[in-house]
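Okay, so here's the structure we're looking at.
The values are calculated or read from the model by the stated rules, or taken from the named source; none is laboratory data. Keep in mind that this is a model prediction, so the values were computed, not measured. Neighbour counts are summed over all protein chains in view; Cβ atoms, including those assigned to glycine, are modelled from backbone coordinates with ideal geometry.
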Amino acid sequence: NFAERSEEQVSGAKVIAQALKTQDVEYIFGIVGIPVTEIAIAAQQLGIKYIGMRNEQAACYAASAIGYLTGRPGVCLVVSGPGLIHALGGMANANMNCWPLLMIGGSSERNQETMGAFQEFPQVEACRLYTKFSARPSSIEAIPFVIEKVQYLTAVRTSIYGRPGACYVDIPADFVNLQVNVNSLKYTECCMSPPISMAETSAVRMAASVIRNAKQPLLIIGKGAAYAHAEENIKKLVEQYKLPFLPTPMGKGVVPDNHPNCVGAARSRALQFADVIVLFGARLNWILHFGLPPRYQPDVKFIQVDICAEELGNNVKPTVTLLGDVSAVSKQLLEELDKTSWEYPPESKWWKTLREKMKSNEAASKELASKKSLPMNYYTVFYHVQEQLPRDCFVVSEGANTMDIGRTVLQNYLPRHRLDAGTFGTMGVGLGFAIAAAMVAKDRHPGQRVICVEGDSAFGFSGMEVETICRYNLPIILLVVNNNGIYQGFDMDAWKETLKFQDPTAVVPPMCLLPNSHYEQIMTAFGGKGYFVETPEELQKSLRQSLADTSKPSLINIMIEPQATRKAQQWLGRKGTQV
Ligand code: ADP
Ligand code: MG
């Protein structure tokens, strides 16, 4: 019996799949080909869901969104050379966003290396810039190689411990079909969730005292807070102490956008005049204008909560640093503030200023939204979408004005239910993110819908993933807000003028895309539902039908004014003038 067992052989592909299964990997996104097809098949046989995509870049975006939404890395599986290179964009995006991701790339056979092998490329080196960890298990003998490689799936741990990020594991082509004796294999245990770290008690005490003495406090809630599941503790902080809060784009929904203490509609004003700002898992990068004047007071006191020590003090010297997990640290703050009967006065001048600003900003957007002229403007479109948006849906969004204006109108009520271009400002993420969200919805939040709001240019980057959506019949609703271009486009008349020239490349403005493109036909081509809409009534009707029909994906191509822009942002310049 023992002799029989000891002769049992297993392929490298199966060993990799088993190692992934042992690490609780649920989803693999990728495109198969030499040398990774066997890995995908082996994974599927073990019950791991394999989602075949149309471009590695979109596959990698999808896998990274899994990491953010579930806290465990999604896997992106790609072939060697060009396949891996296509995925670099997704890896960079994940790493910039601090999202866990496990990238597995096939590479050339070891005995052909440096000989000009098929799709040979220095993959481990290439990935180093985009990851926390990039490695190929190396040894002399083939079998220990495979085992070591399996143990290398501690890449999962690196991806979720500390500041989350992307990891790369390189699989030489010859590993895949190599047979090893089962008895020589040992699988590492499933890596546990990261240990929770708390901030220093004295720092917490100091932070509480700074908050109690604030005249114009503000809490900023970032996607680090969303990732950390800090919603319960942060909501308590907001409500118990009557503090105003501002979500970053993906921090939306940690506390619902319609909460009375949300000052999103007075964002510029809140940032500019706050005297104490608590940052919950949000970096002082371009999204938050670096924390510097003129967008902030020169002497604003920052209390910075982050899990990454290296982040503390970037761009601005914080008054208090709280190194630790956002959820645990906000609980510490709650307990500390609870020691006195303090609350921020709800009738303060600061609250009055913020409320007035919110009112006037909301009125200005409403006025734009009520404009009856055709083609529609952004505000009209988003107000009609918001009216029908299910409260528990995932909102995925990308584009320039489409994403920026959409963010101000479309509300999130649940944490980790907004995905967009993120820290890296990446265009092309939308469809991959929507596919990942649809998988997560199906497995964890049955009934929740995914609404993916795309600019027409943004849609183009990964448009063929509509086939993926239709193949797996994911009930995603894609809205393409179509202005015939990047930022702005031409209408048909202006376009016809350009066609009079012999060489259109000399006269077509770089931001122009083909006017009146029927993107909805991409959806109908694969059996989904497509709508071309030009009026608010058509928009309302198509949206209602799409929401009612859970049996199919749909795409609503919404024609808007090609020259439409956002309303001017108002913040008080250095001399107190409106700029
Ligand atoms: P946003 O784009 O929403 O402003 P950022 O991506 O700039 O957010 O910042 C997120 C921050 O959250 C990062 O600095 C990251 O280190 C931090 N972070 C991630 N997970 C946690 C956690 N569990 N606890 C505390 N901070 C976290
Ligand atoms: Mg556009």
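Assorted remarks:
- Pairs are defined by a Cβ separation below 9 Å, a sequence spacing of at least 6 or placement on different chains, a first member in region 475-487 that is farther than 16 Å from Glu561 by Cα and aliphatic (A, V, I, L, M), and a second member that is modelled with pLDDT of 95 or more and within 16 Å of ligand 1 (Cβ to nearest atom); the pairs so defined are Ile476/Val396.
- Test: residue in region 195-213 that is more than 24 Å from the chain's Cα centre (by Cα) and over 27 Å from Leu312 (Cβ atoms): no
- Filtering Ala42, Ala63 for residues that are among the small types (Gly, Ala, Ser) and touching a helix residue (DSSP H, G or I) at 6+ places or on another chain (Cβ under 6 Å) leaves a single hit, Ala42.
Yes/no per residue for (1) farther than 16 Å from Leu271 by Cα; (2) assigned to a helix (DSSP H, G or I); (3) away from ligand 1 (no atom under 16 Å from the Cβ); (4) touching a residue at least 40 places away in the same chain (Cβ under 8 Å):
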position: Gly313; (1), (2), (3), (4): yes, no, no, no
position: Pro318; (1), (2), (3), (4): no, no, no, no
position: Val329; (1), (2), (3), (4): yes, yes, no, yes
position: Trp351; (1), (2), (3), (4): no, yes, yes, yes
position: Glu362; (1), (2), (3), (4): yes, yes, yes, yes
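- In the condition set (1) touching a Lys or Arg at 6+ places or on another chain (Cβ under 8 Å); (2) part of a helix (DSSP H, G or I), Phe382 is compliant with all but (1).
- Within region 501-528, if we keep just the residues that are free of Cβ contacts under 8 Å to residues at least 12 places away in the same chain and exposed (fewer than 12 other Cβ atoms within 10 Å of the Cβ), the residue that is nearest to Met464 (Cα to Cα) turns out to be Thr505.
- Any hit, region 369-376, residues being more than 16 Å from ligand 2 (Cβ to nearest atom), within 30 Å of Glu387 (Cβ to Cβ), loosely packed, with under 15 Cβ neighbours inside 10 Å and among the small types (Gly, Ala, Ser): yes
- Applying a threshold of 8 Å to beta carbon distances and a minimum spacing of six or more residues, or different chains, the list of pairs starting in region 30-48 at a residue that is within 15 Å of Gln119 (Cβ to Cβ) and ending at one that is of a type in the set (Val, Ile, Thr) and part of a helix (DSSP H, G or I) reads Pro35/Val176; Val36/Val176.
This table checks each residue for (1) at pLDDT below 95; (2) at positive phi; (3) assigned to a helix (DSSP H, G or I).
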site: Ala17; (1), (2), (3): yes, no, yes
site: Lys21; (1), (2), (3): yes, no, yes
site: Tyr61; (1), (2), (3): no, no, yes
site: Ala65; (1), (2), (3): no, no, yes
site: Leu77; (1), (2), (3): no, no, no
site: Gly89; (1), (2), (3): no, no, yes
site: Trp99; (1), (2), (3): no, no, no
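- In region 386-404, of all residues being away from ligand 2 (no atom under 16 Å from the Cβ) and crowded, with 19+ Cβ neighbours inside 10 Å, the one that is farthest from the chain's Cα centre (by Cα) corresponds to Leu389.
- Members of region 56-94 found to be under 22 Å from Arg157 (Cα atoms), surrounded by 24 or more Cβ atoms within 10 Å (Cβ to Cβ) and not hydrophobic (A, V, I, L, M, F, W, C), listed by number: Tyr61, Ser64, Gly67, Tyr68, Pro73, Gly74, Gly90, Asn93
- Checked against the criterion of being crowded, with 20+ Cβ neighbours inside 10 Å and out of contact with any Pro (no Cβ under 8 Å at 6 or more places or on another chain), the candidates Val305, Val316 yield just one match: Val305.
- Residue match in region 185-206 (condition: within 24 Å of Pro260 (Cβ to Cβ) and of a type in the set (Val, Ile, Thr)): no
- Number of the condition not met by Ser341 [criteria: (1) more than 24 Å from the chain's Cα centre (by Cα); (2) in a helix (DSSP H, G or I); (3) under 21 Å from Gln240 (Cβ atoms)]: (2)
- Selection of strands (runs of 3 or more DSSP E) fully inside region 405-500 by the criterion of at least 2 residues being within 16 Å of ligand 2 (Cβ to nearest atom) and buried (at least 19 other Cβ atoms within 10 Å of the Cβ) returns 450-455, 476-482.
- Among the residues of region 529-546, those identified as basic (Lys, Arg) and either buried (at least 21 other Cβ atoms within 10 Å of the Cβ) or under 28 Å from the mean Cα position of the chain (by Cα) (or both) are Lys529, Arg544.
- Pairing residues of region 376-403 that are touching a residue at least 24 places away in the same chain (Cβ under 8 Å) and within 23 Å of Ser462 (Cα to Cα) with residues that are more than 16 Å from ligand 1 (Cβ to nearest atom) and of a type in the set (Phe, Trp, Tyr), at Cβ distances under 6 Å and at least 6 apart in sequence or on separate chains, gives Ala400/Tyr487; Asn401/Tyr378.
- Those residues of region 387-405 which are farther than 18 Å from Leu547 by Cα and out of contact with any strand residue (DSSP E or B) (no Cβ under 8 Å at 6 or more places or on another chain), in sequence order: Asp404, Ile405
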